[in-house]
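*Asks:* After the structure tokens below, expect a handful of questions from me.
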């Protein structure tokens, strides 16, 4: 995709130029100046919304600042049903997180040991995570950027990973000399959001000192997954968070 390539190339070119500077940038100061932008807009990444079911494989790749090496890559299977229950499979499926906002509980499954940690979800957390954002992602990004002195670009709508998505590019700039830099430093955060699923289906973050992070929802299927995926399998030992240990149970 042209826009993705532009974003990555810009970030990697900037990273290379930083390495060539005779006066090194105060990287820690730069990180402090931009970290809030990277963590912005969590409402559109909330996974517990009812009525927006899907399944996908989340693929994340981190490139080195010079763009020549993959520093890290991983994949996680994720599911959400029409009730807002979610499942995330990590470590090659050895660890599973299940969150059930309807029952107000969350489970962490250790597949190898067949044990599961059960936690009660605070009602205020459930309410916050199941609230549908009233604003579009573009509106939210523009509002957030205004508080942080960043700029926002509307990338329009196009098909991304099999679904219609709206693109937004947010750029924050640390001006020349602010942290020992001999030129302006730019951190670029590009997001492609599905209005129908209300999830980010592609993101690209470029940062001069950390390289580029690409995230894609691949193998995306719209519709409710198998209901058994959101239940604790039979034969697992349930450990209540806080110390109480239950006997062997079947599905919850």
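The values are calculated or read from the model by the stated rules, or taken from the named source; none is laboratory data. These numbers come from a predicted model, not from an experiment. Here the Cβ positions follow ideal geometry from the backbone for every residue, glycine too, while neighbour counts run over all protein chains shown.
*Asks:* Name the single residue that is farthest from residue 81 (Cα to Cα) among those in region 139-181 being loosely packed, with under 13 Cβ neighbours inside 10 Å and modelled with pLDDT under 75.
*Replies:* If we take residues in region 139-181 being loosely packed, with under 13 Cβ neighbours inside 10 Å and modelled with pLDDT under 75, then 177 is farthest from residue 81 (Cα to Cα).
For (1) over 30 Å from residue 185 (Cα atoms); (2) at pLDDT 95 or above; (3) surrounded by fewer than 18 Cβ atoms within 10 Å (Cβ to Cβ); (4) touching a helix residue (DSSP H, G or I) at 6+ places or on another chain (Cβ under 6 Å), each residue gets a yes or a no:
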position: 44; (1), (2), (3), (4): no, no, no, yes
position: 49; (1), (2), (3), (4): yes, no, no, no
position: 55; (1), (2), (3), (4): yes, yes, no, no
position: 59; (1), (2), (3), (4): no, no, yes, no
position: 67; (1), (2), (3), (4): no, no, yes, yes
position: 70; (1), (2), (3), (4): no, no, yes, no
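*Asks:* Return yes when residue 119 is touching a residue at least 60 places away in the same chain (Cβ under 8 Å) and outside any loop (DSSP other than H, G, I, E, B) and no when it is not.
*Replies:* On the way: touching a residue at least 60 places away in the same chain (Cβ under 8 Å): yes; outside any loop (DSSP other than H, G, I, E, B): yes.
When the stated conditions are applied, residue 119 passes them.
*Asks:* Would you be able to say whether some residue in region 95-104 is assigned to a helix (DSSP H, G or I), buried (at least 18 other Cβ atoms within 10 Å of the Cβ) and touching a strand residue (DSSP E or B) at 6+ places or on another chain (Cβ under 8 Å)?
*Replies:* Checking region 95-104: not a single residue is assigned to a helix (DSSP H, G or I), buried (at least 18 other Cβ atoms within 10 Å of the Cβ) and touching a strand residue (DSSP E or B) at 6+ places or on another chain (Cβ under 8 Å).
*Asks:* Does residue 127 qualify as being surrounded by fewer than 16 Cβ atoms within 10 Å (Cβ to Cβ), within 25 Å of residue 48 (Cα to Cα) and at pLDDT below 90? If you could, list the steps in order and put the result at the bottom.
*Replies:* On the way: surrounded by fewer than 16 Cβ atoms within 10 Å (Cβ to Cβ): yes; within 25 Å of residue 48 (Cα to Cα): yes; at pLDDT below 90: yes.
Yes; evaluated as a whole, the condition is true for this residue.
*Asks:* Which one of 121, 109 is surrounded by fewer than 20 Cβ atoms within 10 Å (Cβ to Cβ) and in contact with a strand residue (DSSP E or B) (Cβ under 9 Å, 6 or more places away or on another chain)? Break it down into steps so the answer makes sense when it comes.
*Replies:* Values: 109 fails: surrounded by fewer than 20 Cβ atoms within 10 Å (Cβ to Cβ).
None of the other options fit; the residue is 121.
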